[in-house]
1. Determine the share of region 387-432's accessible area contributed by carbon and sulfur atoms, expressed in whole percent, with a 1.4 angstrom probe.
2. Using 26 Å as the Cα-Cα cut-off, could you pick out the over-long pairs in LYS110/LYS170; LYS80/LYS120; LYS275/LYS335; LYS292/LYS427; LYS231/LYS295; LYS110/LYS168?
3. How do the peptides 80-88, 201-209, 170-178, 273-281 rank, highest first, by the average count of neighbouring beta carbon atoms within 10 Å per residue?
4. Once a ≥ b ≥ c are taken as the square roots of the eigenvalues of the Cα gyration tensor of region 96-212, is the result rounded (a/c under 1.5), prolate (a/b larger than b/c) or oblate (a/b not larger than b/c)?
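The values are calculated or read from the model by the stated rules, or taken from the named source; none is laboratory data. Being a predicted model, the structure only gives us computed values, none of them experimental. Every residue, glycine among them, receives a Cβ derived from its backbone with ideal geometry; neighbour counts consider all protein chains shown. Only protein heavy atoms, including side chains, enter the accessible area calculation; ligands, DNA and RNA are left aside. Shrake-Rupley method; radii C 1.70, N 1.55, O 1.52, S 1.80 Å.
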Amino acid sequence: MDSGSVLKAPINLSDLLNGGTEFQIDTEFNDHEGDEYFLDDDYGSADEDDERYKQLQTPWERTFDELRQEMDQINEHLYKRVTKAGVGEPIPDSTRVVIEYNAFFEGESKPFDSTTLRDKPHRFVVGKSNVLPGLEQAVRTMRASEEAQFVIAYQLMYGEFGCLQRVKPKADVLFVIRLISATPVSDGEALAKLNETERRTYATVKDKVTEIRQYARDCFQRNLVPNAIVKYLEAVHTLQTCQLKDEAEQAEQQKTLIALYTSLAVCYNRRDRPKDACRMVNELRRLCDVSKSAKILYQEGKALMSLGEYDRARKCLLRAQQLEPQDEIVQQVLKQLNDRSVKHQQEEKKIWSRAFGLAEKKEKQLSAEDTELLDNMKQTIQLFVEDEGSSTLPLPDGLTDRELALMDQLASELNLKLNVHVTNNKKNYKLQK
């Protein structure tokens with residue numbers, strides 16, 4: 001039997017049904033080639049690559065009629081075999097599902113459509129007619145975390161005539177599906193719909209906040225991070241302005257605010273807004289002991305690293321590592337921090353050393369490039385002087401006596417102090433206001 005050919009890119013079912021698409025064969029395909037909030041990085045493994053290879057092979061090499069004999073009949077056009085049981089109830093309408101699937105035509109060993117090839121799961125809302133009828137009917141029968149195989153008749157797929165030359169007439173399809181998650185579609189305007197009386201009542205607000213959090217989480221998972229930020233902030237503001245009747249409601253409100261601020265820190269880090277992420281952590285310090293939360297410390301460490309606050313970032317990440325010693329992501333970020341810190345110190349030392357060398361040549365004519373460098377150094381120190389939020393400016397390690405003397409002279413001119421702090425027999429120099 002012909003083993004079939006592998007596509008360079010998978011076929012998009014929607015494109016196939018609406019105007020058609022093109023096949024492109026990958027002649028160099030190699031069978032052996034290799035998201036909420038805390039561990040937001042993914043590191044592959046040999047086991048994952050082996051599993052990926054298996055997913056790209058059809059699980060059935062005989063006829064679909066023979067396969068149907070080993071399946072349960074759902075209806076006239078749909079047959080199912082569960083390979084891994086799920087939990088909960090079957091999927092109702094208005095549920096956002098995330099699935100992985102591989103789809104095979106009869107007699108072909110390679111998938112014609114595959115989320116594995118795309119390396120991205122497929123998301124859709126059940127009941128919105130966003131996918132082929134056969135796929136939606138199959139998913140409706142599944143439960144969260146379930147894995148199953150379906151033979152779907154052509155009547156629910158591409159119809160009696162198929163799709164031009166791309167799908168043959170009356171083509172039944174074998175789908176292998178894993179239901180990753182299923183969450184109710186939340187109303188993003190749930191809080192906005194409350195009247196003033198309802199907005200002041202915690203018992204009413206808390207249910208709507210739960211719905212908004214689900215909506216924001218769904219936005220985050222679909223990479224609509226700005227939308228998630230807006231909704232998380234809306235939930236925070238509403239919770240803070242509603243009236244609490246007893247200590248139980250106050251404790252519940254505080255717990256929810258901790259979750260909201262933590263999610264906001266994650267979102268701001270994802271959007272490369274580290275100052276805002278740090279601001280959220282400062283809000284969390286008013287509500288809880290952040291030194292006991294690896295999740296919060298991890299987010300603060302990432303933000304501080306982005307800001308170049310390497311010493312403070314290291315303290316946060318080391319504490320997170322103490323709380324979660326087996327967490328590989330924290331270890332990876334610590335390594336990244338160390339690499340950045342070393343590179344930063346090397347670059348900083350070069351810049352300062354060059355500036356000091358130029359200062360000693362003040363009697364000589366400087367080139368335009370040298371003059372610009374000196375101006376930039378003076379501007380850096382001047383910005384420090386003008387920054388009301390900064391009281392110290394760390395200097396690079398390894399400065400010579402002559403360089404320190406020049407820096408002391410410059411500090412005097414700008415009414416600054418050159419201080420030294422000894423840690424583990426090592427001198428650390430700082431300019432201080």
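1. Details: 1370 of 3160 Å².
So the carbon and sulfur contribution to the accessible surface is 43 percent.
2. Over 26 Å apart, Cα to Cα: LYS292/LYS427.
3. Working: 80-88: 13.3, 201-209: 17.4, 170-178: 21.2, 273-281: 19.4.
So the order, starting with the most tightly packed, is 170-178, 273-281, 201-209, 80-88.
4. Values: a/c = 3.61, a/b = 2.71, b/c = 1.33.
Prolate, because a/c is 1.5 or more and a/b exceeds b/c.
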